[in-house]
1. Is it the case, given these coordinates, that Ile282 is among the β-branched types (Val, Ile, Thr), part of a loop (DSSP other than H, G, I, E, B) and over 18 Å from Arg247 (Cα atoms)?
2. Every residue in region 36-66 that is aliphatic (A, V, I, L, M) and in contact (Cβ under 8 Å) with a residue 40 or more places away in the chain, please.
3. Any residue in region 11-35 that is at positive phi sitting within a Cβ distance under 7 Å of a residue that is surrounded by fewer than 17 Cβ atoms within 10 Å (Cβ to Cβ)? List the pairs, counting only those 6 or more apart or interchain.
4. Pick from region 291-324 the residues that are closer than 13 Å to His273 by Cα and hydroxyl-bearing (Ser, Thr, Tyr): which of them is modelled with the highest pLDDT?
5. Kindly provide the set of residues from region 141-174 that are closer than 23 Å to Ile9 by Cβ and among the polar types (S, T, N, Q), ordered by number.
6. Of the numbered conditions (1) more than 16 Å from Tyr210 (Cβ to Cβ); (2) in contact (Cβ under 8 Å) with a residue 60 or more places away in the chain, Pro98 satisfies every one except a single condition; which is it?
7. Here's a check for you: in region 121-137, which residue that is surrounded by 15 or more Cβ atoms within 10 Å (Cβ to Cβ) and among the hydrophobic types (A, V, I, L, M, F, W, C) is farthest from Thr148 (Cα to Cα)?
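The values are calculated or read from the model by the stated rules, or taken from the named source; none is laboratory data. None of the values given here were measured: they were computed from a predicted structure. Note that each Cβ is placed from the backbone with ideal geometry, even for glycine, and that neighbours are counted across all protein chains shown.
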Amino acid sequence: MAIQPLVTIIMAVKDTAPYLRDCLDSVMAQTYENWELIAVNDHSSDDSPKILKEYAAKDSRIRFFNSNQPRLIPTLQRGYREVKGSLINRMDSDDKMPDYKLQVLVEEWLKYGKGTVIAGGTEHFVDKGEVGEGFIKYENWLNEVARTSTHYREIYRECVIPSHCWLLHKEDLDAAGAFDPIVYPEDYDLCFRFYERGLNVIGIDRILHYWRDRSERISRTWEEYEDNRYFDLKLRFFYELDRDNSRPLVLWGAGRNGKDMAKLLQSYDDKFHWVCDNRRKIGKDIYGVRLEHYKEIMTMEDPQIMVVVASPEGKKEIEQKLAAWDKNPVIDFWFFA
């Protein structure tokens, strides 16, 4: 490439010594050479700081710092203050990069420039055993979203851009709030802020990150990630960005997800229709709301529909129904689970 902007990779490091050398070696092996790695130690109790110092001495593009405060977001904030590059990427210290990762990201970003987020696919791996089924399902879904560039269409379902699989200009990241909000999961919150800013997300049908599946991952151990539906986060942005109070709101699904979402909707003091296809529940009152048959949607004018059905088969069937109905009046729908 004639133009090779400096890419800053920000990496928080917390007790990942067994994996850290592989991670750093994968960064150093990048075919795109104009990068810097800001590696910030988050109060590790193992040999992680020693390894970081060793690699910083080996390659001047690796810069090592210690976090002033514990936990992930303050550590990312510490690293962000040291950024010199115009393009920003994140890395997890127990994962690995394919050697073409930065090359592909930068080449794609240069086609569009500022105002654009480039996002790619991911692949899980383990040193022993097999990757968990849940992670495989998430991986397949993420890669399909990247392939079809449907990030905003799918944003209320799950986090659509993993923390390590994006590249954008620093000015755009600053405008979106960078790592300022202390909100977990921080990668999902950032996706919504990209959406809020109207940044254009371009998906790449390439595996750009090797994601380690291990029992100590914070997504499995931190309280903030225990309920991975993240309904509170989703609803906050839904009401800020997409809810039109002049239109009827419909909640579709009467299982556990539906009941939990109904309670949250009531805390927003917003009236809603609650529909399902379960004959045993239709006509019953739950939390003061009478459940209706889903076909009642066709009698509503310009409804906004939140689908909270857990079953993959149920989701597919509902999507087919809504797509067939979406003529007149207008129907907008989002999957929240």
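1. yes
2. Leu37, Ile38, Ala39
3. Listed by first residue and then by second, the contacts come to Asp15/Ser45; Asp15/Asp46.
4. Tyr294
5. Asn143, Ser163, listed by residue number.
6. (1)
7. Val131
To keep it simple, each residue is scored yes or no on (1) within 28 Å of Phe194 (Cβ to Cβ); (2) part of a helix (DSSP H, G or I); (3) free of Cβ contacts under 8 Å to residues at least 12 places away in the same chain.
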residue	(1), (2), (3)
Arg243	yes, no, no
Leu251	yes, no, no
Asn278	no, no, no
Glu296	no, yes, no
Glu301	no, no, no
Met306	yes, no, no
Lys315	yes, yes, no
